[in-house]
1. Express the carbon and sulfur contribution to the solvent-accessible surface of the chain as a percent, rounded to the nearest whole number, probe 1.4 angstrom.
2. Enter the mean projected area of the convex hull around the alpha-carbon atoms of the chain, in nm², rounded to one decimal.
3. With every protein chain left in place and a probe of 1.4 Å, what is the accessible surface of V55, to the nearest 10 Å²?
4. Report, in deg cm²/dmol and to the nearest 500, the calculated mean residue ellipticity at 222 nm for the chain, where each DSSP H run with n ≥ 4 adds -39500 (n - 2.57) and the sum is divided by the residue count.
5. Any idea of Y130's accessible area? Nearest 10 Å², probe 1.4 Å.
6. Given a 1.4 Å probe and the protein chains all in place, what does the accessible area of R5 round to, in Å² to the nearest 10?
7. Would you mind working out the accessible area per residue for the chain, using a 1.4 Å probe, and quoting it in Å²?
8. Please sort 74-84, 10-20 by packing, taking for each peptide the average over its residues of neighbouring beta carbons within 10 angstrom, highest first.
Amino acid sequence: MNIERWFSGLLALTAIGLLTLAWGYTAPIAYDPIGPRPYPMLILSLLALGCIYLVVRPSTLTHALNLGYTKAILKNIGLCMAFLLAYALTFELLGFPLATALMAFGVGKLFGGSSKACLISGIALGALLYVLFDLLLDVPLPLGFFG
C-alpha cells in the first residue's frame with residue numbers, strides 16, 4: 001500500500017500545481033458568462049481532494065489487492081497506452097476521422113476483435129464521431145488529408 005500513498009501524493013501535488021495554473025487563466029474571448037476556468041478548477045480540486053484522502057486515510061481501511069497482472073495483460077496495457085500516444089501525436093496530421101479509426105482498430109484488436117469487425121467499427125466510429133462533433137455540436141475538428 002505504500003506505493004499507492006506515494007503515487008496519490010505525487011498526483012495530489014500535480015493537481016495542486018495545475019490548479020494554481022488554472023486559477024489565473026482567462027480566455028481572450030468571452031463565449032461563456034463564467035468563462036472556461038471553473039471546469040478545470042472543479043475537476044482538479046476533486047482530484048486533489050481524493051488523492052489527499054488516499055494519502056492520509058488510516059491503514060485499517062485498506063487491504064492488499066491481487067490485481068492478477070500477468071505479462072500478457074501488462075503488454076496489452078502498454079500497447080494501449082502506445083496507441084493512445086500515437087493517437088495524440090497524429091491527431092492533427094492525419095485528421096480526426098482517420099486517427100480515430102486507426103486508434104479504434106488497434107484497441108479493438110487488443111481486446112480480441114476480428115480484423116473485419118475492428119476495421120468496420122473503427123471507420124464507423126471515426127466517421128460518426130466526426131459528424132457528431134463537427135456538424136451537430138459545432139466543434140471544429142481537423143480533417144488532415146481529407147481537408
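The values are calculated or read from the model by the stated rules, or taken from the named source; none is laboratory data. From a predicted model like this one, the values you see are computed outputs, not experimental measurements. Positions of Cβ are generated from backbone atoms using ideal geometry, with glycine treated the same way; all protein chains shown enter the neighbour counts. These accessible areas exclude ligands, DNA and RNA; they are computed on the full protein's heavy atoms, side chains included. Shrake-Rupley method; radii C 1.70, N 1.55, O 1.52, S 1.80 Å.
1. Heavy-atom surface of the chain belonging to carbon and sulfur, 1.4 Å probe: 75 percent.
2. 12.6 nm²
3. Accessible surface of V55 is approximately 50 Å².
4. Estimated from H runs of four or more residues: -22500 deg cm²/dmol.
5. Looks like 40 Å² after rounding.
6. Taking all protein chains as shown, R5 has close to 60 Å².
7. 74 Å²
8. In descending order of packing, they fall as 10-20, 74-84.
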